[in-house]
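The values are calculated or read from the model by the stated rules, or taken from the named source; none is laboratory data. Predicted model only: the values in this text are computed from it and were never measured. All Cβ positions, even for glycine, are placed from backbone atoms using ideal geometry, and neighbour counts span all protein chains on display.
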Amino acid sequence: MDRDSQLELYGLVAVRLKEAHARVRDLQVPEGVRMALSRRLLVVTAAAKHDLADAARRLDRLMKELDEGRFPEGVEDV
């Protein structure tokens with residue numbers, strides 16, 4: 001991946017992460033579910049530092065799950 005493509009992907013992932021954080025923050029779900037989703041976002045953020053393409057794939061998967069209303073199950077409310 002050339003430098004311009006990498007910078008473009010980095011910008012896209014950054015914008016989408018910001019959007020994902022806002023969506024998770026605004027969800028009407030138990031706090032335990034919100035925390036689990038926030039942890040997944042932190043994992044994606046950490047992955048972006050080492051493997052940007054993998055982070056983009058993880059973020060796509062998470063956003064698709066949010067779009068479909070699929071949230072972590074078995075998460076205790078705190």
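Would it be correct to say that E73 is of a type in the set (D, E) and in contact (Cβ under 8 Å) with a residue 24 or more places away in the chain?
Values: of a type in the set (D, E): yes; in contact (Cβ under 8 Å) with a residue 24 or more places away in the chain: no.
Taking the combined requirement at face value, the residue does not satisfy it.
Within region 24-63, how many residues are part of a helix (DSSP H, G or I) and either aliphatic (A, V, I, L, M) or more than 10 Å from the chain's Cα centre (by Cα) (or both)?
Let us first name the residues in region 24-63 that are part of a helix (DSSP H, G or I), namely 24-26, 31-48, 52-63.
Filter once more, so that each one left must be either aliphatic (A, V, I, L, M) or more than 10 Å from the chain's Cα centre (by Cα) (or both): 24-26, 31-37, 41-44, 46-48, 52-56, 59, 62-63.
Counting residues in region 24-63 that are part of a helix (DSSP H, G or I) and either aliphatic (A, V, I, L, M) or more than 10 Å from the chain's Cα centre (by Cα) (or both) gives 25.
On the given criteria, is S5 modelled with pLDDT of 95 or more, part of a helix (DSSP H, G or I) and not aliphatic (A, V, I, L, M)?
no
From the set of residues in region 1-18 that are under 19 Å from K49 (Cβ atoms) and among the charged types (D, E, K, R), which is surrounded by the most Cβ atoms within 10 Å (Cβ to Cβ)?
By that ranking, first place goes to R16.
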